[in-house]
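Written below as C-alpha cells is the structure these notes are about.
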Amino acid sequence: MRTETVTLGEVIDRALLELESPAEAALEVLFAEDAPSSGSVVTLTVSNGDINVSDIVEWDSEMLLVTSVTGSVVTASRGYYGSPKTSHLSSTAARVNPQFSRHRMTEPIRRAPVRLEALGVPLIKSSAITRAANSERSASLPSDCRQVLRLYGFDKENLPFDVGGWRELEDLGLLMYPPLGEVTQMTVVYRTPFTWSTVPAFPDEAATIIIPEGASELLGLYAACWMLSGREVSRQEIDRSNEHQTQDQVRLQSGTGLVRSKWQEFYRSLDEVRRITAHAVPKHRPVDRRPRAYSGRMGV
C-alpha cells in the first residue's frame, strides 16, 4: 500500500480552509517582541493591529486572553483554554478572536484516524522476517500489528511465494508457520492502527502520521465537519434529514444545510479513498482448520 506522511499543522491548515472563507478569517496582529515558552502572564507591544480587553489572541497554537490594554502595551494570560505554552517569534502574525482556533481543531483531528479505520480505510504495512533454515517455525509479530493478512516466502532465486497454513497467536505475540525447508527470508503483511509520531504524548503541530495515499484530505475534512456540528453525523442521519428538508429551501441555505453538505462531501471523499485502497488490502488467509477424523469409539 502506498502511503504518505502529513503533519498535524498541515491537517489543521486544510481544515481551516474548509471552514473559513477569506472574508471570515480572523484579523491578524504583530507584536514587537518574541514571547518566551514559560510564564503565566506576558506583556507585549502591538506593532501592527488592534487589540481590546477580553480579546482572545491565538499565536501559533497558543491562545492568550487579554486582561489589560494601555496604549499599545498588552497584558495577557497564557495557555488559555488548555492550549500549550510555547515560544513565539515576533515575525509570526497572531490571530484575534478566531472563529475556529488551531488548538480546538486538534481534538477532532486526533480522533479522525480512528474513525477512518472504523469506516473502512485501513493502513497496511509489511515487515521482513529472517529465520534459520530448517529450524524456526515461529516469529515475533511486529509491535504495531493489529491483524496479519498475508505471509510471503522467498525461494533460492529470490522469487516470492504465498505461504499457507500460518497461524497468528495474538496473546503470545507469535506468528506460527509450517516447515519451510531452506527458506530464510519472509515478509509478513499486516494491518496496523493509525498513530501520531508523538504517541503516547499529545501531538503538537510538528507531529506526523502515516496514512494511505490520497487520504490526507479526509483528516482535515473530518475535523472541519466535526467542528461545524460538534459531533460526528452518520450517513443515516443525513439521509433522514434529506427526506424532511428536500422542499425546505430556507433551511437548505442555513447552517443546517451547510453542516449536512459538508458531511456529504466527507462521505463522498471517504468512498473514493476506499475504492482506491481496496485493491491494496490482501484478504485475511490464516490456516484452514479442518475437522479431525477420529477412529475407534465416539468421543475418543
*Provide the FRET efficiency to the nearest 0.05 for the Val53-Ser87 pair, computing r from the beta carbons and using R0 = 22 Å.*
0.35
*Whole-number Å³ per residue for the convex hull built on Cα positions in the range 44-203*: 170 Å³
*For the chain, what is the mean residue ellipticity at 222 nm derived from helices alone (per DSSP H run of n ≥ 4: -39500 (n - 2.57); sum divided by total residues; nearest 500 deg cm²/dmol)?*
-9000 deg cm²/dmol
*Which whole-angstrom value gives the distance between the alpha carbon centres of the range 258-283 and the range 121-182?*
31 Å
*Which three lengths, in whole Å and largest first, does the range 172-230 cover when its Cα atoms are put on their principal axes?*
58, 26, 21
*Expressed as a whole number of Å, what is the distance separating the alpha-carbon centroids of the range 19-55 and the range 1-16?*
26 Å
_So if a site counts as exposed when it's one of the GluC sites (Glu not before Pro), its DSSP state isn't H, G, I, E or B, and it has at most 14 other Cβ atoms within 10 Å, what's the longest stretch of the chain without one?_
34-135
*Where is the GNM fluctuation largest for the chain (alpha-carbon springs, 10 angstrom cutoff): Ala139, Ala201, Ala26?*
Ala201
*What's the longest bit of the chain with no exposed trypsin sites (Lys or Arg not before Pro), using DSSP loop states and at most 14 other Cβ atoms within 10 Å as the test?*
3-136
_Listed residue (Ala93, Met105, Leu149) projecting farthest to the positive dipole end of the range 88-244, Cβ model_ = Ala93
*Given the Cα-Cα distance of Glu213 and Thr256 and 0.36 nm per residue of separation, how much length would full extension add, in nm?*
12.3 nm
*Report the FRET efficiency, 1/(1 + (r/R0)^6), for Asp239 and Glu117, where r is their Cβ-Cβ distance and R0 is 22 Å, rounded to 0.05.*
0.40
*For Leu159 and Thr130, what is the calculated FRET efficiency with R₀ set at 30 Å and r taken between the beta-carbons, to the nearest 0.05?*
0.95
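Every read-out reported here was derived from the displayed coordinates using simple, explicitly stated rules and does not represent laboratory data. Small disclaimer: the values here were computed from a predicted structure and weren't measured. Cβ coordinates were reconstructed from backbone atoms using ideal geometry, including for glycine residues, and neighbour counts include every protein chain displayed.
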